[in-house]
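Here's the structure we're looking at; comments come further down.
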Amino acid sequence: KAEMEVKRKARRRRSLIYAAIAVIIAALVVYNLPYFKELRLWNKINETRNLELVQEYYSEFPDGDHYEEVLYIDICDNSNPRYAIEEYHWKYIDGKYYEEVLYLYAKVTSAPGDAINEYIQKYPDGQYIAEIRDLQDDYLYECVVNNGNNLRDINNYFNTFPEGKHIAEVEAAYNSRWDNIDTQYNAVSKTNANSNDVKFIRDMLRYMREN
């Protein structure tokens, strides 16, 4: 009887050991499931805002549940966030941080016109509308300068910012453009003997310039 009791206890101990091993194995399996690995890494990033962990997350979980939040941390904390901004801009057009990222994208892109217009259309009373308008003022003036005082760009600036911060420069560009047109016409008109035609065209040019 004593021997049977010893065997029974031994079997019970073995059962407990097997059960413990099974629990440990199950815990290890669960611990290493992609969902929990991602969650642990995301929690570390959220707590530490470590950019090396951000790069690790990009590499291991390119389609992760927290990719948008990780990308936003990269945008906020990286000293050179341009690539993160561009990625967010095309990947999360309806994202929770899209308004802010769209404004930042308009600041960093070399051709901000579309981003500026998109912001104004989507967020006419947005948090960054004053900053966007300021960017638009600079951008439209750059269009005037970079396109050789094109009258279309000049008129676009006048219509959008009649009291803009570059209005004096744009008015000077406008006058210079018309002075060039007058000079060119004067050179051509010398070969035209019909004074009535010359007077008509001069009057038309003067009207166009003043209106």
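The values are calculated or read from the model by the stated rules, or taken from the named source; none is laboratory data. Everything quoted here is computed from the prediction, not taken from an experiment. All Cβ positions, even for glycine, are placed from backbone atoms using ideal geometry, and neighbour counts span all protein chains on display. Calculation scope for accessible area: heavy atoms of the full protein, side chains included, ligands and nucleic acids excluded. Shrake-Rupley method; radii C 1.70, N 1.55, O 1.52, S 1.80 Å.
At 1.4 Å probe size, with every protein chain present, just tell me what the per residue accessible area of the range 53-169 comes to in Å².
Values: 6520 Å² over 117 residues.
On a per-residue basis, the range 53-169 sits at 56 Å².
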Per residue of the range 125-136, what does 6.51 cos²θ - 1.76 cosθ + 1.60 with θ = phi - 60° give for ³J(HN,Hα)? Whole Hz please, x for Gly and Pro, Karplus curve as stated. 10, x, 4, 10, 5, 5, 5, 5, 4, 5, 4, 5
Of the accessible area of the range 51-96, computed with a 1.4 Å probe and all protein chains kept, carbon and sulfur make up a percent value of 46 percent
Using only the alpha carbons of the range 54-106, determine the length spanned along each of the three principal axes and report them from longest to shortest in whole angstroms. 30, 25, 13
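Could you sort 135-144, 165-174, 54-63 so that the peptide with the highest average Cβ count within 10 Å comes first and the rest follow in order?
The packing order, highest mean first, is 135-144, 165-174, 54-63.
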If all Cα-Cα distances of the range 30-86 are sorted into 5 Å bins from 0 onward, what percent lands in each bin, rounded to whole numbers? 4, 21, 33, 24, 11, 5, 2, 0
Potential extension, residue 150-residue 94 segment - 0.36 nm per residue separation minus Cα distance: 16.5 nm
Dividing the convex hull volume of the alpha carbon atoms of the range 69-185 by its residue count, what do you get in Å³ per residue? 114 Å³
Need the full-extension length gain, residue 47 to residue 169, defined as separation in residues times 0.36 nm minus the C-alpha distance. One decimal, nm. 39.0 nm
